[in-house]
Every structure is written in C-alpha cells, then in structure tokens.
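Working notes, structure below.
A short reminder: the numbers here are calculations on the coordinates, not readings from a lab. Quick caveat: nothing in here was measured; it's all calculated off a predicted structure. Because the Cβ atoms are built from the backbone with ideal geometry, glycine has one as well, and the counts that use them run over all protein chains shown.
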Amino acid sequence: MGPLLVEAFRYNRWANLHVLDVCARLSEDQLQLTAPGTYGAIAATLQHLLSAEGRYLRRILGHERQINERDPFPGLAALRTIAERSGDLLIEAAGRVGGDDVIDTQYGDGRFRLNLGVVLLQAMHHGNDHRTHVCTILGTHGIEYGDMDVWAYGAASGAMVALGAS
C-alpha cells in the first residue's frame, strides 16, 4: 500500500510495545483494573488486542495466530513477544498489500469478499482503540503511562529530531 502505511504500522508496533512496557511495571492486581466505558481489565484488553492482530494477520498473510483471547492470560512478557512478531508482520503486510488485493472470508454466518486494505485499517483502528482503553484505565487510577502519541513515536524513532531553539 505504500511507505506511509508502513510507517503507520511501525507506529502501531511501537505503541503496542510502549503500553506493554508500562503495564509490565504493574502488579497482578493492577492488571485487573478497569474503568467505565472500556473493554475490560487491562490484562484482558491487551490479550484481546493481540489476539485480534493475529486474526487480521491470518486473513492477510495466512499466519496462524499466536494467542487466543479465551486462553488463560499468558503474562506480559509473552504478550510482548507476540506483539513484536505481530507488529513486524503487520509492517510487512502494509508493504505488500495492494489496493486491489481481496480475500473471500467467513464472518459470522456470512461469506464476504474483503479488501485487504480494509483489514489493515481495521488493525490500526483496533489497536488505537484498545490502547486508549488501557490508557483510560491507567489514568483513571492515577498511573502514569507517558506519551504514546505519534509525536512521541517520532522522537523515539528518530523521525523527529530537535534542532534547538529558534
């Protein structure tokens, strides 16, 4: 799809790893925190996010997912490893999927022809949505999580470099 989409998925990978690193400092009790309007507990939300990335990758690249959200919580170290791999694969997919690439897939009770670009966009949206849920929970409970926006990614990745005062 192009270099901008590849960069967007580099951000997605970085943001997933950032939130997982923040949550790695939490206690088991804190991983069960929630807040109104969010998906659920922090641990369940992170597991759901990465399980969904696996489903998207199965549709796009044919890869079997590494985690299922119905499985017992594997711990944050395991989720980080999964996030690294799924992040790399989504970056690869963003560079390979063309505007006309489609698959025939089952969804619920129906069969659909689905543009793979839409699957990639859903992966991006879904990640942002659930990372926001985790940050809402953290903020609600007074837990700092740092900057996770695209500007922070730009600074962390070297895509934005300070030149000094003007």
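When you count the other C-beta atoms within 10 angstrom of each residue and take the mean per peptide, 142-151, 30-39 line up highest first as 30-39, 142-151. Loop-located trypsin sites (Lys or Arg not before Pro) in segment 19-61 (DSSP state other than H, G, I, E, B) with a sparse environment of at most 15 neighbouring Cβ atoms within 10 Å: R25. Multiplying the residue separation of L17 and V118 by 0.36 nm and subtracting their alpha-carbon distance yields 34.0 nm.
In plain terms, the chain from D129 to Q106 could stretch by 5.9 nm, reckoned as 0.36 nm per residue minus the Cα-Cα distance.
Here the Karplus curve 6.51 cos²θ - 1.76 cosθ + 1.60, taken at θ = phi - 60°, turns the phi angles of segment 3-11 into couplings of x, 5, 5, 4, 5, 4, 6, 5, 4 Hz, with x standing for Gly and Pro. If we count every other residue with Cβ under 12 angstrom of M124's Cβ, Lys/Arg +1 and Asp/Glu -1, where does the sum land? Surrounding charge for M124 is 0. Compute the length gained on full extension between S157 and T81: take 0.36 nm times their separation in residues and subtract their Cα-Cα distance, giving the result in nm to one decimal. Taking S157 through T81 to full extension adds about 25.4 nm, to one decimal. Close amide H contacts of A24 (hydrogens built in the peptide plane, cut-off under 5 Å, sequence separation of 5 or more or a different chain): none are found. For segment 69-74, 3J(HN,Hα) computed residue by residue from phi via the Karplus equation (6.51, -1.76, 1.60; θ = phi - 60°) reads 5, 8, 6, x, 4, x Hz, glycine and proline entered as x. Using the rule -39500 (n - 2.57) for each DSSP H run of four or more residues, divided by the residues of the chain, the 222 nm mean residue ellipticity is -19500 deg cm²/dmol. For the chain, list log₁₀ I(q)/I(0) at each q in 0.08, 0.17, 0.20 Å⁻¹, using the Debye formula over Cα point scatterers of equal strength and ignoring solvent, two decimals each. Here log10 of I(q) over I(0) equals -0.26, -1.04, -1.31. Karplus-derived 3J(HN,Hα) values for segment 63-68, using 6.51 cos²θ - 1.76 cosθ + 1.60 with θ = phi - 60°, are 6, 6, 6, 8, 8, 10 Hz; glycine and proline are entered as x.
Assuming charge only on the beta carbon of Lys and Arg (+1) and of Asp and Glu (-1), the dipole of segment 3-157 about its Cα centre is about 280 debye to the nearest 20.
On the basis of the beta-carbon distance and an R0 of 35 Å, Q30 and L4 show a calculated FRET efficiency of 0.45. Each peptide among 79-89, 44-54 gets the average number of other Cβ atoms lying within 10 Å of its residues, and from highest to lowest they stand as 44-54, 79-89.
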